[in-house]
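J.: Can you keep this structure in mind? I'll have questions shortly.
The values are calculated or read from the model by the stated rules, or taken from the named source; none is laboratory data. Small disclaimer: the values here were computed from a predicted structure and weren't measured. Reconstructed Cβ throughout: ideal geometry from the backbone, glycine too, with neighbour counts over all protein chains shown. Surface accessibility is based on the protein's heavy atoms, side chains included, excluding ligands, DNA and RNA. Shrake-Rupley method; radii C 1.70, N 1.55, O 1.52, S 1.80 Å.
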Amino acid sequence: MNAPAAATVFDIQRIRADFPLLARTVHGKPLVYLDNANTSQKPASVIEAVDEHYRRHNANVARAVHQLGEEATAAYEGARDSLAGFVNAASRNELVLTSGTTQSINLVAYSYALPRLKEGDAILTTTMEHHANIVPWQLVAARSGATVKAAPIDERGELIVERFVELLTPEVKLACVAHVSNVLGTVNPVREIARECRRRGIPLLVDGSQAVPHRPVDVQALGCDFYAFTGHKMLSPTGTGALWAKREHLESMPPFFGGGEMIREVSFDGTTFAEAPHKFEAGTPNIAGFAGVTAAIDYYRSLGFEAIRAWEQNLLAYATERLRDVPGLRIIGEAAHKEPVISFLLEGAQATDLATLLDLEGVAVRSGHHCAHPLMQFYGVPATLRASLAFYNTREEIDAFVVALLKVRKLLM
Ligand code: PMP
């Protein structure tokens with residue numbers, strides 16, 4: 001194999017032992033979990049942080065002055081600090097805690113975009129987006145008379161940046177792009193895109209869902225205006241996520257949800273709101289989940305992204321090479337810069353049939369459109385199979401996956 005061995009400091013067996021679920025079997029076979037772009041597994045420290053919260057600290061946030069209320073508030077606000085550090089925000093107040101990327105993007109759509117959009121305006125996105133970075137824009141476009149435009153990609157699955165830039169016309173009031181594609185693994189040149197947007201005074205939203213699990217993110221260095229991401233793909237509990245936004249944007253945005261926690265004073269003569277980010281956090285949040293987010297970020301820190309990247313990129317190269325040797329296999333997405341996501345098709349076999357048979361071999365991969373219909377339309381396919389890797393995967397697992405694939409391929413031919 002050409003791919004060099006990853007750094008030996010990465011103690012993979014110790015790391016795997018931190019993830020209880022990885023030890024289980026599926027249909028009597030050792031689990032090979034290659035559906036990490038869908039959701040990641042959780043280390044024991046995250047599971048224990050959630051458990052510990054309910055066993056020892058459970059109370060509501062920001063309402064009670066008693067000890068437990070303070071502890072719960074400290075856990076929740078502590079996650080804001082952790083997340084701010086994780087993406088290098090200039091201030092913790094630039095982080096709105098949400099249930100995930102979908103909520104984060106919808107918040108920007110309804111609170112930032114909708115009040116600004118009028119007939120004839122446009123929102124620019126790309127062909128490779130997840131529906132979460134398409135449909136909210138269509139909904140607010142339909143209400144305002146604006147349109148949604150998509151910048152094209154090429155066959156390799158790379159954004160055609162010159163076309164994206166050409167499409168940044170004066171009608172465009174917001175541009176939206178994935179940092180990393182959930183189907184292709186393509187890493188988009190966000191800094192360059194942000195520079196072009198800034199030149200034209202067009203704010204840029206980045207969907208960071210598939211970037212944060214794999215690379216250090218610095219929102220200030222990227223130069224974007226909004227950065228949306230989800231917790232459950234980065235070792236954290238489901239129902240956690242965040243929106244980072246420049247302070248001036250958050251200040252200019254009206255609340256999206258109304259209710260408790262987000263007000264200063266309520267009366268029937270008029271209600272005043274809390275400062276950002278609290279004005280966007282109505283109701284009781286996923287406090288235990290956010291206790292887990294802090295533990296997840298601590299876990300990433302303990303490994304370091306340098307080591308994670310070295311391991312994952314090595315595994316991506318290995319898996320790509322091995323898959324290329326499978327007869328009739330076509331990889332969809334061959335960008336020069338990729339995170340460890342491999343979509344593929346196998347001649348003569350349906351993606352869903354393959355995924356079902358692979359499951360019987362203990363291999364969890366995803367089949368389907370991956371919430372990216374426009375991308376499937378571009379490639380002229382209804383679905384792909386997708387193997388998405390994490391730093392706890394191994395070459396042995398890739399080997400087991402390829403052996404299983406060759407076996408099920410025979411059954412379907
Ligand atoms: N964007 C991308 C690129 C994604 O991969 C996903 C999750 N598949 C989402 C948005 C939506 O994330 P969530 O379901 O956690 O809100």
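J.: So which residues in region 149-171 are under 23 Å from A221 (Cα atoms) and part of a strand (DSSP E or B)?
T.: Selection gives L159 alone.
J.: Restricting to region 59-78, what's the tally of residues that are assigned to a loop (DSSP other than H, G, I, E, B), touching a residue at least 12 places away in the same chain (Cβ under 8 Å) and among the β-branched types (V, I, T)?
T.: Adding up the residues that qualify gives 1.
J.: List, please: which pairs have Cβ atoms under 6 Å, are six or more places apart or on different chains, and start with a residue in region 123-138 that is within 10 Å of the ligand (Cβ to nearest atom) and end with one that is open to solvent by 20 Å² or more (accessible area, probe 1.4 Å)?
T.: Qualifying pairs under 6 Å: H130/C371; H131/C371; A132/T102.
J.: Here's a follow-up. Against the definition (within 16 Å of the ligand (Cβ to nearest atom) and within 24 Å of the chain's Cα centre (by Cα)), how does V341 come out, yes or no?
T.: yes
J.: Keeping to region 53-98, report how many residues are of a type outside the set (A, V, I, L, M, F, W, C), within 30 Å of N182 (Cα to Cα) and open to solvent by 60 Å² or more (accessible area, probe 1.4 Å).
T.: Residues in region 53-98 being of a type outside the set (A, V, I, L, M, F, W, C), within 30 Å of N182 (Cα to Cα) and open to solvent by 60 Å² or more (accessible area, probe 1.4 Å): 3 in total.
J.: Out of (1) in the same structural domain as V403 (by TED's automatic domain parsing); (2) in contact (Cβ under 8 Å) with a residue 12 or more places away in the chain, the odd one out for G292 is which?
T.: Going through (1) in the same structural domain as V403 (by TED's automatic domain parsing); (2) in contact (Cβ under 8 Å) with a residue 12 or more places away in the chain one by one, G292 breaks only (1).
J.: List pairs: first in region 354-380 and in contact (Cβ under 8 Å) with a residue 60 or more places away in the chain, second of a type in the set (K, R) and within 16 Å of the ligand (Cβ to nearest atom), Cβ under 6 Å, 6+ apart or cross-chain?
T.: Hits for this filter: R366/R386.
J.: Just one of the numbered conditions (1) surrounded by 15 or more Cβ atoms within 10 Å (Cβ to Cβ); (2) part of a strand (DSSP E or B) is not true of R264; which one?
T.: Only one criterion is unmet by R264, namely (1).
J.: If you don't mind, another one. Every residue in region 87-108 that is within 16 Å of the ligand (Cβ to nearest atom) and either at pLDDT below 95 or in a helix (DSSP H, G or I) (or both), please.
T.: Answer for region 87-108, where residues must be within 16 Å of the ligand (Cβ to nearest atom) and either at pLDDT below 95 or in a helix (DSSP H, G or I) (or both): T101, T102, Q103, S104, I105, N106, L107, V108.
J.: Also, quick follow-up: Tell me, which residue of region 193-202 that is outside any loop (DSSP other than H, G, I, E, B) and not aliphatic (A, V, I, L, M) is farthest from the ligand (Cβ to nearest atom)?
T.: If we take residues in region 193-202 being outside any loop (DSSP other than H, G, I, E, B) and not aliphatic (A, V, I, L, M), then R199 is farthest from the ligand (Cβ to nearest atom).
J.: While we're on this one: Being closer than 17 Å to P170 by Cα, surrounded by fewer than 23 Cβ atoms within 10 Å (Cβ to Cβ) and not β-branched (V, I, T) is the requirement here; does R116 meet it?
T.: yes
J.: Does T25 count as modelled with pLDDT under 95 and at negative phi?
T.: Answer is no for this residue.
J.: For region 300-413, list the strands (runs of 3 or more DSSP E) that sit wholly inside it and hold at least 3 residues that are open to solvent by less than 20 Å² (accessible area, probe 1.4 Å) and not aromatic (F, W, Y); which are they?
T.: The qualifying strands (runs of 3 or more DSSP E) are 341-346, 384-388.
J.: So, in region 203-236, of the ones that are farther than 19 Å from L303 by Cα and assigned to a loop (DSSP other than H, G, I, E, B), which residue ends up nearest to the ligand (Cβ to nearest atom)?
T.: It comes out as S209.
J.: Search region 270-299 for residues being under 14 Å from F257 (Cβ atoms), outside any helix (DSSP H, G or I) and not polar (S, T, N, Q), and hand back the single one that is least open to solvent (accessible area, probe 1.4 Å).
T.: P277
J.: Criterion first (in a loop (DSSP other than H, G, I, E, B) and within 16 Å of the ligand (Cβ to nearest atom)) does L184 satisfy it?
T.: Yes; evaluated as a whole, the condition is true for this residue.
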